[in-house]
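Step one of this worksheet: look at the structure below.
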Number of protein chains: 4
Amino acid sequence: MLRYMTAGESHGKSLVSILDGMPSGLPIKESLINKELARRMSGYGRGGRMKIEKDKVEILSGIRKSKTTGAPIAILIKNRDSSIDKLASITKARPGHADLAGALKFAEKDIRNILERASARETASRVAVGALAKILLGEFKVDILSHVISIGGIFADTRGIPFQSLKKKADNSPLRCSDKTAEKSMKAEIDAARSSGDSLGGICEVIVKGVVPGLGNLSQWDRRLDGNLARSLMSIPAVKGVSVGGGFSLSDMRGSEVHDAIFYSKSKGFYRNTNNAGGLEGGMTNGENVVLHLVMKPIATLKNPLESVDIVTKRKVKAQVERADVCAVCACGIVAEAGCAFEIANAMIEKFGGDSVGEMKRNFKGYVDAVRRF
Amino acid sequence: MLRYMTAGESHGKSLVSILDGMPSGLPIKESLINKELARRMSGYGRGGRMKIEKDKVEILSGIRKSKTTGAPIAILIKNRDSSIDKLASITKARPGHADLAGALKFAEKDIRNILERASARETASRVAVGALAKILLGEFKVDILSHVISIGGIFADTRGIPFQSLKKKADNSPLRCSDKTAEKSMKAEIDAARSSGDSLGGICEVIVKGVVPGLGNLSQWDRRLDGNLARSLMSIPAVKGVSVGGGFSLSDMRGSEVHDAIFYSKSKGFYRNTNNAGGLEGGMTNGENVVLHLVMKPIATLKNPLESVDIVTKRKVKAQVERADVCAVCACGIVAEAGCAFEIANAMIEKFGGDSVGEMKRNFKGYVDAVRRF
Amino acid sequence: MLRYMTAGESHGKSLVSILDGMPSGLPIKESLINKELARRMSGYGRGGRMKIEKDKVEILSGIRKSKTTGAPIAILIKNRDSSIDKLASITKARPGHADLAGALKFAEKDIRNILERASARETASRVAVGALAKILLGEFKVDILSHVISIGGIFADTRGIPFQSLKKKADNSPLRCSDKTAEKSMKAEIDAARSSGDSLGGICEVIVKGVVPGLGNLSQWDRRLDGNLARSLMSIPAVKGVSVGGGFSLSDMRGSEVHDAIFYSKSKGFYRNTNNAGGLEGGMTNGENVVLHLVMKPIATLKNPLESVDIVTKRKVKAQVERADVCAVCACGIVAEAGCAFEIANAMIEKFGGDSVGEMKRNFKGYVDAVRRF
Amino acid sequence: MLRYMTAGESHGKSLVSILDGMPSGLPIKESLINKELARRMSGYGRGGRMKIEKDKVEILSGIRKSKTTGAPIAILIKNRDSSIDKLASITKARPGHADLAGALKFAEKDIRNILERASARETASRVAVGALAKILLGEFKVDILSHVISIGGIFADTRGIPFQSLKKKADNSPLRCSDKTAEKSMKAEIDAARSSGDSLGGICEVIVKGVVPGLGNLSQWDRRLDGNLARSLMSIPAVKGVSVGGGFSLSDMRGSEVHDAIFYSKSKGFYRNTNNAGGLEGGMTNGENVVLHLVMKPIATLKNPLESVDIVTKRKVKAQVERADVCAVCACGIVAEAGCAFEIANAMIEKFGGDSVGEMKRNFKGYVDAVRRF
């Protein structure tokens, strides 16, 4: 069992997370985690905050001499701006945020106490945790990419681009979009939105390559991997939809067009030539790439704010304006990669057990051999 | 904490589920549960199995003299056809099913041992559990509906139809579609798919009305209600996508169009005139209707079967043909209602605590009063 | 992850449990489960109920052609007397039972609604679940025994008796006591208690043999195997204490007398000549027998009842008298065996992963080899 | 739901814990937490380490302007000595420690990687978490004490001493023993053990006062409060036994002597004159003080070390000698207080729900009134 909790506020002292259940003997470079944090912060359309924060993790436990020991890993990310106690109270609820629901839930008149935790700043912790999961997955040749496939109504066309190329293109694009033409139009949309004090959302795709079949479990509703991936992605702030493989487009297709015919060859074993299932059948991986889409709503903090209410005076006001991005879809993809990495790593730990990476690899190899000889 | 597990196979002796954590003192009529089971089985496009099974629950525990006692509730649904041990082995994997992934995972050469549990028959248990959750929610005036909004590329137009009317129309439609015109075209699509030995999927909408603000929790990733709802719905067999409120359509809108301005009046308290957020902000209910969409892929068992492989001989074969529906989107909506009912009930039990319905109501009233006086 | 829930009342229709997470391919004989249920019901000092009930399981799911499939296993045990709805209300709270606390908690004036679930009848479900866990453990040569070491102030002396002989003696004793002399005195104590309308408790020992080192986990408080075993045993009705190895007697010994010196030989690997640690160090198994003690308080229902209060009238009354045993310590040992079997099986599934018994064995063998070569 | 995880090694950078699920609006003084940490470190018989470490918490999140916000609380305790990466390898396994089992489990040849996390240093995190739980409990007038009742065969006699006096005496005693005469003899035992390079264990009692009836739950095995308390205490390093109320002494008493007769008066409601049940019946609190005993084995690190094996060379050696206490039973009591505080707070949050202290108090009051009027 792999599990984690995060803590920390946007302007608190630091973000803290604990990842429990990693096997011992895994080499960890902090630089790999910091690189993931940097990926999360970059991107066209991001606001001023992203330039202030240059996140670096400090690992406080669970790693000795650059290797995991099997003990829980505590990760600290210091905030540059930790003025939380001095920041002014906020009473003008922002539509699209946790502000109003949180104030009512926690019986709290100062929205500051809500938004500080509800802030997407928390996702830095998820990215750090996910970076560790990715390092583990790397031992088993599992690779993950994300790229932006839609912003402001512009859709990227990435058909036929192979995994590694798609990944590289996304990593080299300021919008994490692997289609240069679409990227240009997306930038224009972002510029236009910025000009009018508005914001944009969009859609990301996450692809996980190299996953063995049989991760996840059909046997109980809360053990299905598709369900757990959906929870992981839908819980990212501002995400309003998650789909697997063909997703919502499957609604107007026929079964004969959708389901992925099964083939077999001695060299490849069982395989498919299509992947509408997005690598998940019966709540389990089927050996094809796991493909997920998620949609992020437009940033809820607008420079040109919406109508709202002061929760104390009950008077009509303009919503509070905080420093914010115009569009953060590229960051959302990085957070989604992290969420997927965690869930896949968790499913692998459940299936392959093992308290050390060596033991896990031995068990993994036994299974891969059995699948090959099936 | 409310939790449940289900057990049982498609042709096993019976389906069994245990629901743990219901408060005491809740009046339960078995007929209400059976009514939900009947709703799940009806619908245009369903296959022969649906006529064989007439599900009735037998409650084995947790209820005495027609009231819950606080003890776990065990629910039994007998299968009419319980020939599981005698049924022939299956070796021709069906694309789109758990067959192949499950066989490899469980090191099992007889796919029968996989598909029996992976069958959507299991969702009868979820519906029974959800029926109990609905009865609890009814005590707090929470109401749930589902309707079919798309099949085979035909979309229903239900704009402006109020909740109760929408619900009634869906319940009276053989396709659970509240738009008569669309329904007619959908039927034609289903007929056409049936003629060609093919199958269809579609999209459902679930709406939960009467939910107080502040259910769910922003504070930790796995406590967010949107994430838990997504898991609950994505774990339904054949569901490949879940969205909240505006969902994927938010990707080409601007923030100023999307976020729901906040208003206040003495009589209504805080309210919105729009609901693009689908009633969920910051992972919590905001007091508006909770609105979810889910897409079901076309039924994977085709009368005119797909190419596949015999997992034993490794020879190319046509996939196994089992008795199946042409389209089961209407049933999917009923299962989704159940999943939502469970998650909302769980969130209410977490927030209002209480071991008896009376205590829970007292705590609920205290909160509702506090929200009103906020 | 292995997990289970139970449901059912003492005079309800039946006891139901769901065991989720068993690997596929495990041969199951119902007779082995029934044998465990029979062991729970026998014993000197048991009351009339034990003669009425002849428990037999009916397995409703998860097993096909006498083998597990990896699906959840639902176990039904019918009650002979299922008159729960007709049984009279009870208002005279019995000291030592859940009666009063349960009535207040669940806002319930009829204690019948409390005691039916609080009854030790529920432990039949645990024994059935434990029987399945034992079958799994048997594949790994793990064996479990329990015996009674004290009743009514009489202590058994079983020093030096080897495991198999201790087990056999206990199984052949009507009191599950492996010391004939002590057994005789214990019987006399039970007879004396019965004569005076009184009851007795006692102490059991559970020993688990053949466990590999490294089960459980030191890394997080709630993953330590000693803690989980303690929870499992303390949650058995009437158990008021649990100890590991030397237990409470360690309080007046010195470290040099207590800790088990470590030895090594090529044939045996690491080993000990003493086992004051009871096979658990740092919350993990150390390869020696796991040894636990648990104390059961005297049966709380007395033929010659205690002073109490009618919860409705608030008048002083004699406590309600229900059919009951005079002493049930031998049954308690059987339930404790089941609880230990579940926890050890869970720890093995966590460490060795695997979805089939074959995979689990392959992983187990890999670890055992690694320990040997360490 | 209240939950926590801890992280950190004995000579790592710091101890970190995250406590998730505390209600908002609870005033927190760091000094109260530091006071608890100081209590853990004091005591006659403690070693040199205790003088080096002067633990102070740094709260990194979840608290703003000295009040909880409902967000997860991250607690950091810096280690003075954080030389973990430079510390020499250890290969001489110490009997009584996690050393050998951990090395085999984690496939680790340097025992340093095991013992750093297995160290009782981790319990500082538990005490900090427990201090927060105590502050919450204080709002509901729940009070907790621990005292030492046995060391080295000497037993304290504290019969008849009222709660507050017992607490004060323990807090004023260097051994946390409320019986001056016994304390003197215990000190002599400790001195004698120190002289011979040996160590001692002992027994503590924890008493929780002011708990309402009905916390915990009889309905499912893993929801019983006695089970959860047992897990919490047994998971403390070196604890080998836990008992409730009369505990193991109940084995030689009769039911009529054991069970606590129930009385009622208008002013007091239901009450008892005895408390052999230790405040727990049916896995729930019954309104009397919760009374627990736990036994700590003698410290496993001996100045005059035991026989052991070098895990690398397999040669016979003397066990590694680390800086250690002679007797730490008084600290064990403080850790046990923390564990109990957490479990009781968790049970209260489950029963009274609520996201703010105000809401929780309102719900609590409603229940207390209902119990009074029952």
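Quantify how strongly other chains surround peptide D:211-218 by giving the mean number of their Cβ atoms within 10 Å of each of its Cβ atoms.
So the per-residue partner count for this stretch is 6.
Residue by residue through region C:334-341, which ³J(HN,Hα) values in whole Hz follow from phi under the Karplus form 6.51 cos²θ - 1.76 cosθ + 1.60 (θ = phi - 60°), with glycine and proline marked x?
So the Karplus estimates, Gly and Pro as x, are 5, 5, 5, 3, 5, x, 5, 4 Hz.
R0 = 60 Å: FRET efficiency of D:ARG323 with A:PHE155, Cβ-based, nearest 0.05?
For D:ARG323 and A:PHE155, the calculated efficiency is 0.40.
Give the angle, between 0 and 90 degrees and rounded to the nearest 10, that separates the Cα long axis of helix A:163-172 from the longest principal axis of the Cα atoms of chain A.
Roughly 20 degrees between the two axes.
Which value, in debye to the nearest 20, describes the size of the charge dipole of chain A about its Cα centre when Lys and Arg Cβ atoms bear +1, Asp and Glu Cβ atoms bear -1, and nothing else is charged?
720 debye
Counting only residues 5 or more places away or on other chains, whose amide H sits under 5 Å from the amide H of D:VAL317 once H atoms are built in the peptide plane?
It is D:SER308, D:VAL309, D:ASP310, by chain and number.
Across every pair of different alpha-carbon atoms, what Kirkwood hydrodynamic radius in Å does region A:1-150 reach?
16.9 Å
For helix C:357-373, what angle does its Cα long axis make with the longest principal axis of chain C, in degrees from 0 to 90 and rounded to 10?
50 degrees
Give the Rg/Rh ratio for the protein assembly as shown, taking Rg as the radius of gyration of the Cα atoms and Rh as the Kirkwood radius, to two decimals.
0.95
What FRET efficiency comes out for D:LYS180 versus D:LYS29 if R0 is 35 angstrom and r is the Cβ-Cβ distance? Round to the nearest 0.05.
The calculated FRET efficiency here is 0.65.
At a Förster distance of 56 Å, what's the computed FRET efficiency of A:LYS56 paired with D:LYS316, Cβ-Cβ distance as r, to 0.05?
Efficiency computed from Cβ-Cβ geometry: 0.75.
Obtain the nm distance between the two label points defined at C:GLU257 and C:LYS141 by a simple spin-label model: each point lies 7 Å from its Cα along the Cα-to-C-beta direction.
According to this spin-label approximation, the distance is 3.5 nm.
In a shell of Cβ-Cβ distance under 9 Å around B:GLU58, excluding B:GLU58 itself, what net charge do Lys and Arg (+1) and Asp and Glu (-1) give?
Local charge sum for B:GLU58: +2.
In square angstrom, rounded to the nearest 10, how much accessible surface does B:LYS297 have for a 1.4 Å probe?
Ignoring ligands and nucleic acids, B:LYS297 comes out at about 20 Å².
Please report, in debye to the nearest 20, how large the charge dipole of region A:34-126 is about its Cα centre when each Lys and Arg carries +1 at its beta carbon and each Asp and Glu carries -1 there.
440 debye
Once the label point is placed 7 Å from Cα along Cβ, list for D:VAL312 the distances to the corresponding points in the other copies, in nm, shortest first.
5.5, 6.5, 7.6
Mind checking the dipole of the protein assembly as shown: about its Cα centre, +1 per Lys or Arg Cβ, -1 per Asp or Glu Cβ, Debye to the nearest 20?
In debye, rounded to 20, the protein assembly as shown gives about 0.
How tilted is helix A:225-234 with respect to the longest principal axis of chain A? Cα atoms for both, answer in degrees (0 to 90, nearest 10).
20 degrees
May I ask you to list the aspartates and glutamates whose Cα is less than 17 Å away from that of D:LYS361, ignoring any residue fewer than eight positions away on the same chain?
A:GLU108, B:GLU350, B:ASP355, B:GLU359, B:ASP369, D:GLU139, D:ASP143, D:GLU350, D:ASP369
Which sequence of B:TYR367, D:TYR271 reflects their accessible areas, 1.4 Å probe, from the largest down?
Accessible-area ranking of B:TYR367, D:TYR271, largest first: D:TYR271, B:TYR367.
Can you give the helix-only mean residue ellipticity at 222 nm for chain C, where every DSSP H stretch with n ≥ 4 adds -39500 (n - 2.57) and the sum goes over all residues, rounded to the nearest 500 deg cm²/dmol?
-10500 deg cm²/dmol
C:LYS187: which aspartates and glutamates have alpha carbons under 18 Å from its alpha carbon, excluding same-chain residues fewer than 8 sequence positions away?
Filter leaves C:ASP157, C:ASP171, C:ASP179, C:ASP198, C:ASP325, D:ASP252.
Once the other residues with Cβ under 13 Å from the Cβ of A:LYS92 are scored (Lys, Arg +1; Asp, Glu -1), what is the net sum?
So the surrounding residues net to +2.
How far apart are the A:GLY160 label points across copies, placing each 7 Å from Cα toward Cβ, in nm, shortest first?
4.6, 8.6, 9.6
In chain B, if the dipole is taken from +1 on Lys/Arg beta carbons and -1 on Asp/Glu beta carbons about the Cα centre, which of B:GLY282, B:PHE106, B:LEU87 is farthest to the positive end?
In chain B, that residue is B:LEU87.
Counting only the heavy atoms of the protein chains, how much of A:ARG254 is accessible to a 1.4 Å probe, in Å² to the nearest 10?
60 Å²
Under the convention of a label 7 Å out along Cα→Cβ, give the distances in nm from A:ASP369 to the same position in every other copy, shortest first.
Nearest to farthest, the other copies are at 0.7, 7.0, 7.0 nm.
Any of A:LYS92/B:LYS268; B:LYS180/B:LYS266; B:LYS141/D:LYS134; A:LYS240/B:LYS67; C:LYS134/D:LYS240; A:LYS29/C:LYS268 with alpha carbons more than 28 Å apart? Name them for me.
Table pairs above 28 Å Cα-Cα are B:LYS180/B:LYS266; B:LYS141/D:LYS134; A:LYS240/B:LYS67; A:LYS29/C:LYS268.
Work out Dmax and Rg for chain B from the C-alpha atoms and quote the Rg first, both in angstrom.
21.5, 73
The values are calculated or read from the model by the stated rules, or taken from the named source; none is laboratory data. What you see is a predicted model, and the numbers here were worked out from it, not measured in a lab. Here the Cβ is made from the backbone with ideal geometry for all residues, glycine too, and neighbour counts use every protein chain on show. Calculation scope for accessible area: heavy atoms of the full protein, side chains included, ligands and nucleic acids excluded. Shrake-Rupley method; radii C 1.70, N 1.55, O 1.52, S 1.80 Å.
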